[in-house]
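Colleague: For reference, the structure I am asking about is given below.
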Amino acid sequence: LNIVACWFFPLQVLNEKKLQEVDSLWKEFETPEKANKIVKLKHFEKFQDTTEALAASTALVEGKLSKNLKKILKKIVAKDAHEQLAVADAKLGGVIKDKLNLSCIHSPMVTELMRGIRSQIEGLITGLPSREMAAMCLGLAHSLSRYKLKFSPDKVDTMIIQAISLLDDLDKELNNYIMRCREWYGWHFPELGKIITDNLTYCKCVRKVGDRSNFASSDVSDILPEEIEEDVKAAAEISMGTEVSEEDINNIIHLCDQVIEISEYRTQLYDYLKNRMMAIAPNLTVMVGELVGARLIAHAGSLLNLAKHPASTVQLLGAEKALFRALKTKRDTPKFGLIYHASLVGQTNAKNKGKISRMLAAKTALTIRYDALGENTSAEMGAENRLKVETRLRLLEERGIRRISGTGKALAKTDKYQNKSEVKVFDPSGDSTLPVVSKKRKIQEVEEQDTEVPVKAKKFKAEMKEGTAVEDDEPVKKKKKKKNKEKQAEEEEVLNEELATNPTVEVR
């Protein structure tokens, strides 16, 4: 069974023995005469138009049984129910077998047979010019391609790739032109470059005035503010630049015209890119912005190719050289590529950039697949995911990171953040180790301290010298004290006896 351009045509095998030799089967289809000896046309069914042929082709590609094919097979079943049907698609053969109870065969022999039939299709179907057949095949191929790609003028990402590439080229050219213009006119009026920092304003001012001597009589209030205009006119009177001819000024003015035109076209191109991104990938645009989203699409080749990438690849797109260099040298791999220029990553501190870029890449991968494969064109999903990333960013900055249970089954709960600020007062008592004394002291106290210090020192020295002697004399002194006490006691007894005998004795 075959389908070409606008017909179904089943073919019957005449010599099955030759089909057993699969490797040499191609020799039987070298010429139309040999091919007619192997197979012959059994039925011919024509489609009414290209739409019907496209429906039948798409059904075959998807492995489904169309209405026209079902009618043809019923006719074959009624005539030759005992014969087998050779099919090139095993899935389609299974559907035919289930619905029509017709035995189907699929093998390498069938694949070679189909290849031979396609090579000699003009000789097997007679009465049709080759030009018409080629035109019909081309028309059906285009229709089938459009159906597969689901072609839509609003979903053409090629325009985005070209627009972002042109935008980058315009930026490079503008930088070169502006640098040349400033350097060229700087020989004539070098002070103007320091006063006017904006490039477009600089070029407009030069184009309007020309020679620096015309600044005094020119009115540039529509280009410059009043303060800057006064500074420019004052600097023009005392400028140290060289004199140039009118031809030089005309060439500089022509260069300024080019800069202004390219700047205006760049603004227009940026608006066009912004509108196309919102039409093709609205959720991606909400997540990372139109410039970063367009660069991701251009780097991947198309929106569909970008949707096939995992989140880890989206995170590192644009940093391939750094990644492979890190893997080769066994160093830390990069944490972000083109996604680094997204606003969410830019407003994060350096410590949390890796975490935010990883989470942003995961959410961006979801939005890319939704934009590429989904039918809805709203940007609600992108807004929800951006809100989640912003909430996560806020939690990281406040150090209130949510805790997830060890099993992972429970839902992640975010604790309410409470700022506990403790005011600590500085204790000045720890600054000095001196005792707290009044600053004003009496003269007498100072004099007493001066006299007491050397005496103590002398005593201390004497004790240090006589330390050993004192220790040795201690038991001797104790013995002397006991003898003195005994003498005093004896003298008292003697006095008492004398008083008792002679009361007139004088006591010394």
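The values are calculated or read from the model by the stated rules, or taken from the named source; none is laboratory data. Predicted, not measured: the structure shown is a model, and the values here were computed from it. Note that each Cβ is placed from the backbone with ideal geometry, even for glycine, and that neighbours are counted across all protein chains shown.
Colleague: When you check Leu113 against the structure, is it of a type in the set (A, V, I, L, M), at pLDDT 90 or above, part of a helix (DSSP H, G or I) and out of contact with any strand residue (DSSP E or B) (no Cβ under 6 Å at 6 or more places or on another chain), yes or no?
Modeller: When the stated conditions are applied, Leu113 does not pass them.
Colleague: Now for a separate question. How many residues does segment 315-362 contain that are farther than 14 Å from Val292 by Cβ, in contact with an Asp or Glu (Cβ under 9 Å, 6 or more places away or on another chain) and surrounded by 13 or more Cβ atoms within 10 Å (Cβ to Cβ)?
Modeller: Of the residues in that region, 3 qualify.
Colleague: Within the group Leu224, Leu255, which residue is surrounded by 12 or more Cβ atoms within 10 Å (Cβ to Cβ) and under 18 Å from Lys194 (Cα atoms)? If you could, list the steps in order and put the result at the bottom.
Modeller: Numbers: Leu255 fails: under 18 Å from Lys194 (Cα atoms).
On inspection, the qualifying residue turns out to be Leu224.
Colleague: Have a look at Lys330, Lys233, Lys274, Lys308 and point out the one that is among the charged types (D, E, K, R) and closer than 28 Å to Arg394 by Cβ.
Modeller: The unique qualifying residue is Lys274.
Colleague: Further question on the same structure: Filter segment 334-368 down to residues that are touching a Leu at 6+ places or on another chain (Cβ under 9 Å) and among the charged types (D, E, K, R) and give me whichever is nearest to Leu303 (Cα to Cα).
Modeller: If we take residues in segment 334-368 being touching a Leu at 6+ places or on another chain (Cβ under 9 Å) and among the charged types (D, E, K, R), then Lys335 is nearest to Leu303 (Cα to Cα).
Colleague: Out of segment 86-104, which residues are closer than 15 Å to Lys74 by Cα and not in a strand (DSSP E or B)?
Modeller: Across segment 86-104, the qualifying residues are Gly93, Val95, Ile96, Lys97, Asp98, Lys99, Leu100, Asn101, Leu102, Ser103.
Colleague: Looking at (1) crowded, with 18+ Cβ neighbours inside 10 Å; (2) over 23 Å from Asn250 (Cβ atoms), can you tell me which one Glu237 breaks?
Modeller: The single condition Glu237 does not satisfy is (1).
Colleague: While we're on this one: Sort through Ala307, Ala281 and tell me the only one that's modelled with pLDDT under 95 and either surrounded by fewer than 16 Cβ atoms within 10 Å (Cβ to Cβ) or under 15 Å from Ala163 (Cβ atoms) (or both). It would help to see each step written out before you state the result.
Modeller: Values: Ala307 fails: either surrounded by fewer than 16 Cβ atoms within 10 Å (Cβ to Cβ) or under 15 Å from Ala163 (Cβ atoms) (or both).
Matching residue, one of Ala307, Ala281: Ala281.
Colleague: For a quick check of your reading of the model, give me the residue pairs whose first member lies in segment 194-212 and is outside the structural domain of Asn176 (by the TED database), whose second is modelled with pLDDT of 90 or more and of a type in the set (Gly, Ala, Ser), with beta-carbon atoms closer than 8 Å and at least 6 apart or on different chains.
Modeller: none
Colleague: Something else about it: Quick check on Ile228: is it touching a helix residue (DSSP H, G or I) at 6+ places or on another chain (Cβ under 9 Å) and assigned to a helix (DSSP H, G or I)?
Modeller: Yes, satisfied.
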